[in-house]
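S.K.: Got a structure for you, written out below as structure tokens; questions coming shortly.
The values are calculated or read from the model by the stated rules, or taken from the named source; none is laboratory data. From a predicted model like this one, the values you see are computed outputs, not experimental measurements. Heads up, the Cβs are rebuilt from the backbone with ideal geometry, glycines too, and the neighbour counts pull from every protein chain shown. We work out accessible area using only protein heavy atoms, side chains counted, and drop any ligands, DNA or RNA first. Shrake-Rupley method; radii C 1.70, N 1.55, O 1.52, S 1.80 Å.
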Amino acid sequence: MTRPPTGWHFLQLPGPSNVPARVLEAISRPTTDHRGPDFPELTNAVLAGLRSVMRTSGQVVVVPASGTGGWEAALVNTLSPGDRVLFFETGQFAANWAEVARRFGLDVEVVPTDWRRGAEPAQLEERLSGDSGHSIAAVAVVHNETSTGAMTRVADVRSAMDRAGHPALLLVDAVSSVGSVDYRHDEWRVDVTVSASQKGLMMPPGLAFLARSERAAEAAKDARLPRSYWDMDAMVAQTEKGYFPYTPATNLLFGLRESLAMLEEEGLDAVFRRHARHARAVREAVHAWGLGTQCVVPDEMSDVLTAVVMPDGHDADRFRTLVLERFNMALGTGLGRLKGRIFRIGHVGDMNDLMLIAALAGVESGLTLASVPIERGGVDAAMRSLEQDD
Ligand code: PLP
């Protein structure tokens, strides 16, 4: 039976995540003159906050775009037509980024995976060691593969590149990891990091962020892929003065300043611990239900989301529809080859214990109502996990 949508909507996606009232209020302020004397204060606050969550002291830009625009910006600011780029297809987002690269005429090489783990550093080392002519211009990986709930160990990827002595640039999609889990642009010597507003930063969709290394800034000088809107040099030149080369998404910047302040108030490490603790509780629930997760490598399980595999013969989207109609809760769908096979529980952004428990109660009840064979007790297991894991 469909219930009327009273109470609040549970947005349990791995992005867009819940937007806190403080951020929404900031966004609703009257728009100001982006060429006025006060604007640099906003620009500087936002860039300083982004540097802090991306853990970089280098150049950062904000563009009005979703993460997909950020992918494009990362490629056109570093590469030339025909350049070889090595991707690890860890899931649908890695596959989509590789497709963007193909459309730009790059020579895309894809290392396949079973979509149940992150990119394998040893495999990368082997591939790069075999490229003695250094024909690979860039390696591209997705840090937190939101379609599977598996993480790539970026620090280990960088070490593998070092061991192979290979000069390729390292491009990282950190769309669902910045502000959600530990991410270190400078320390891991990432050349370009791409992120977006609607996940760990608790913002509506609409902004993409890029951080780049000095090497990436150098590479831009020789990069011949056409670029105009995404030209990072033009953006950096303007934002250093506190302004933008075109009309920025002013009200989203108001919201971003607020969300960055909230992350700083809680403390980034505390935010990461909160997400990790919630992720552990969700995994306890999944285990108690007798179900499995899409990610099969314990060290690579995401703290941002959990992708749950449906038993054979049960359609994950039918279950998701039931949960939406009955409990007014949105769960993430399976993407690409995982359509109908998995559903994704987002546990990122503005969340607390009771929100998580309510979401898990909706999942447990929904699975039962959809006649999916599970053991009851997942919610109880999650509550025990939260009680013990303080
Ligand atoms: N990369 C990852 C890891 C994502 O999770 C997403 C979106 O969910 C994207 C890229 C694409 O970003 P967008 O949908 O904002 O264009």
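S.K.: Beta carbons within 10 angstrom, averaged per residue: use that to sort the peptides 166-174, 371-379, 191-199, highest first. Could you put the intermediate results ahead of the total?
M.R.: Working: 166-174: 23.3, 371-379: 15.9, 191-199: 28.3.
Final packing ranking: 191-199, 166-174, 371-379.
S.K.: A further question follows. Please list the equivalent ellipsoid semi-axes of the chain, computed as the square roots of five times the alpha-carbon gyration tensor eigenvalues, in descending order and whole angstrom. Kindly include the intermediate steps, with their values, before the conclusion.
M.R.: Values: eigenvalues 239, 144, 61 Å².
Semi-axes from the Cα gyration tensor: 35, 27, 17 Å.
S.K.: Simple spin-label model, 7 Å along Cα-to-Cβ: S132 to A45 in nm?
M.R.: Once both label points are built, they end up 5.7 nm from each other.
S.K.: Return the FRET efficiency for the residue pair E265, D186: r is the Cβ-Cβ distance, R0 is 30 Å, and the value is rounded to the nearest 0.05. Mind dumping the intermediate values first?
M.R.: On the way: r = 23 Å, r/R0 = 0.77.
With a Förster radius of 30 Å, E is 0.80.
S.K.: Non-local amide H neighbours of V111 (under 5 Å, H modeled in plane, Pro and chain starts lacking H): which ones?
M.R.: F87, F88, E89
S.K.: Follow-up question, since we're still on this one. Can you tell me the 0 to 90 degree angle between the C-alpha axis of helix 154-164 and the longest principal axis of the chain, rounded to 10?
M.R.: Roughly 50 degrees between the two axes.
S.K.: In the range 123-213, which GluC sites (Glu not before Pro) fall in coil by DSSP and have 13 or fewer other Cβ atoms within 10 Å? Before the final figure, lay out the partial values.
M.R.: Details: sites: E125, E126, E145, E187; in loops: E187.
Within the range 123-213, the qualifying GluC sites (Glu not before Pro) (loop, at most 13 other Cβ atoms within 10 Å) are E187.
S.K.: Turning to a different aspect of this structure: Compute a Gaussian network model of the chain, connecting alpha carbons closer than 10 Å, and tell me which residue from S52, S177, S17 fluctuates the most.
M.R.: S52
S.K.: Here is a follow-up. If I model a spin label as a point 7 Å beyond the Cα along the Cα-Cβ vector, how far apart are those points for T368 and E387 in nm?
M.R.: Going by the 7 Å Cα→Cβ label model, 1.9 nm.
S.K.: Sticking with this one: If packing is taken as the average number of other Cβ atoms within 10 Å across a peptide's residues, how do 235-243, 59-67 rank, most packed first?
M.R.: Numbers: 235-243: 15.9, 59-67: 22.0.
By packing density, highest mean first, the sequence is 59-67, 235-243.
S.K.: Right, another one. Which percent of Cα pairs goes in each bin when the distances of the range 189-273 are cut into 10 angstrom slices starting at zero?
M.R.: 14, 39, 35, 11, 1
S.K.: Hey, can you find the accessible area per residue of the range 102-173 for me, probe 1.4 Å, expressed in square angstrom? The partial results should precede the final answer.
M.R.: On the way: 2650 Å² over 72 residues.
It amounts to 37 Å² per residue over the range 102-173.
S.K.: Using the beta-carbon distance between V297 and S80 and R0 = 41 Å, what value does 1/(1 + (r/R0)^6) give for FRET efficiency, to the nearest 0.05?
M.R.: Working: r = 35 Å, r/R0 = 0.87.
Efficiency computed from Cβ-Cβ geometry: 0.70.
S.K.: Moving to a separate point now. Can you tell me the length gained on complete extension of the stretch E218 to R273, counting 0.36 nm per residue apart and subtracting the Cα distance?
M.R.: Details: separation 55, 0.36 × 55 = 19.80 nm, distance 3.63 nm.
Between E218 and R273, full extension yields 16.2 nm more.
S.K.: Helix 39-54 sits at what angle to the longest principal axis of the chain, using alpha carbons and giving 0 to 90 degrees rounded to 10?
M.R.: 70
S.K.: Measure off, as a whole percent, the carbon and sulfur share of the 1.4 Å-probe accessible area of the chain, all protein chains present. Mind dumping the intermediate values first?
M.R.: On the way: 7990 of 15600 Å².
Carbon and sulfur: 51 percent of the exposed surface of the chain.
S.K.: Please report the antiparallel percentage of the DSSP beta bridges confined to the range 21-264, to the nearest 5. Walk me through the intermediate numbers first.
M.R.: Working: 13 of 31 bridges.
The antiparallel fraction comes to roughly 40 percent.
S.K.: Residues in the range 209-236 near a label at E109, defined as backbone nitrogen under 19 Å from the 7 Å Cα→Cβ point?
M.R.: It comes to no residues whatsoever.
S.K.: Calculate the length of the line joining the C-alpha centroid of the range 127-173 to that of the range 178-194, in whole Å.
M.R.: 13
S.K.: Moving to a separate point now. Between A21 and H287, what length in nm is gained on full extension when 0.36 nm per residue of separation is reduced by their alpha carbon distance?
M.R.: Details: separation 266, 0.36 × 266 = 95.76 nm, distance 3.38 nm.
Length difference between fully extended and current span is 92.4 nm.
S.K.: Give the relative contact order (percent, whole number) for the chain; include only Cα pairs under 8 Å separated by 6+ residues. Display every interim value, and only then the final one.
M.R.: Working: 821 pairs, mean separation 95.3, N = 390.
Over the chain, the number comes to 24 percent.
S.K.: Could you order the peptides 324-333, 128-137, 147-156 from most to least packed, using the average number of other C-beta atoms within 10 Å per residue?
M.R.: Values: 324-333: 19.3, 128-137: 14.0, 147-156: 24.8.
Per-residue mean Cβ counts within 10 Å order the peptides as 147-156, 324-333, 128-137.
S.K.: Also, I was wondering about something else. At 222 nm, what helix-only mean residue ellipticity would the chain give, in deg cm²/dmol to the nearest 500, using -39500 (n - 2.57) for each DSSP H run of four or more?
M.R.: Working: 13 runs with 161 residues, N = 390.
The per-residue figure over the chain is -13000 deg cm²/dmol.
S.K.: Another one. Averaging sequence separations of C-alpha pairs under 8 Å and six or more residues apart, then dividing by the length of the range 48-128, give the relative contact order as a whole percent.
M.R.: Numbers: 66 pairs, mean separation 20.7, N = 81.
That works out to 26 percent.
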